Amino acid sequence: MISSELKLRSLTTDDLSTILELDQTCFGGLWTLAGYQRELESPNSELLGLFAPLSSIKLLGMGCFWSIVDEAHITILAIHPQYHRQGLGQALLYALLKTACDRGLERATLEVRASNIAAISLYEKFGFKTAGRRRRYYKDNDEDALILWLSELQYPHFQQTLDQWHTIVSQQLSEFSWQLI
C-alpha cells in the first residue's frame, strides 16, 4: 500500500485564500479575511495547516490557538468534510498541543458546541475535561458551548503522554494510508 504524504506547517499570508475556502466549507464563514490576517500577524497566535500535495483540496485542515499568559486557547480545529474520520483531527490537535508545550504554555482550553459529539470525543481522548458551559454561546442557533480544559502541559508525565499520542496518531494515519512528514 502506498502512503499519501501529509505535511503540517505554520500557515502564512500566502495561504489566505485556502484558509478562507476551508473556513467557508467547515464553518460557513466564521472569520473574515481581515480576521485571519490578524491571526497570521500576531505573535500570540499559532495557525497550523495540514496539506497533502497529491490532493485536489489544497488545505485539508487547520488549527489555531491564542497564547494568553500561560494558556493555549484553541480557537479553531477544522478538517475538510471529505477527510473526516481519518485521523487528521487527531494529528492537528496533537500538533497544537505539542506547539503549546514547546511555547512553555501550561494549560489548554477551548469551547465546543454541546451537540458536537465527535469533537467532544476527540478532545476527551486527549485528556480534556469539561469545566463549564457557556449558555447560548453560538449566535447562529443559540446553542450552548462546553468549556473544556487540559492542565499540566509542562509536567513530565504530559511529555510522556505526548510521545504516546504521537505513536497513536501515526498509527491512525497509517490506517488511512497517510504519512505525516
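So here's what we get for this one:
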item	result
Candidates 163, 14, 144: whichever shows maximal mean-square fluctuation once the chain is modelled as a Gaussian network with Cα springs under 10 Å	14
Relative intensity, log₁₀ I(q)/I(0), of region 2-73 from a Debye sum that treats every alpha carbon as a point, q = 0.11, 0.23, 0.27 Å⁻¹	-0.28, -1.05, -1.30
Potential extension, residue 129-residue 24 segment - 0.36 nm per residue separation minus Cα distance	34.9 nm
Values of log10 I(q)/I(0), in the order q = 0.19, 0.20, 0.21 Å⁻¹, for region 124-181 under a Debye, Cα-only, solvent-free model	-0.81, -0.83, -0.84
All-pairs alpha carbon distance profile, the chain, 10 Å steps from 0, percent	9, 37, 40, 14, 0
Global form of region 71-121, assessed from the alpha-carbon gyration tensor, a/c cut-off 1.5	oblate
Overall Cα dimensions of region 79-181 - principal axes, largest extent first, Å	40, 35, 19
Region 55-181 - accessible surface per residue (Å², probe 1.4 Å)	52
Loop-located trypsin sites (Lys or Arg not before Pro) in region 59-158, at most 11 other Cβ atoms within 10 Å (DSSP)	85, 139
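The values are calculated or read from the model by the stated rules, or taken from the named source; none is laboratory data. Bear in mind the structure is a predicted one, so any value in this text is a computation, not a measurement. Heads up, the Cβs are rebuilt from the backbone with ideal geometry, glycines too, and the neighbour counts pull from every protein chain shown. We work out accessible area using only protein heavy atoms, side chains counted, and drop any ligands, DNA or RNA first. Shrake-Rupley method; radii C 1.70, N 1.55, O 1.52, S 1.80 Å.
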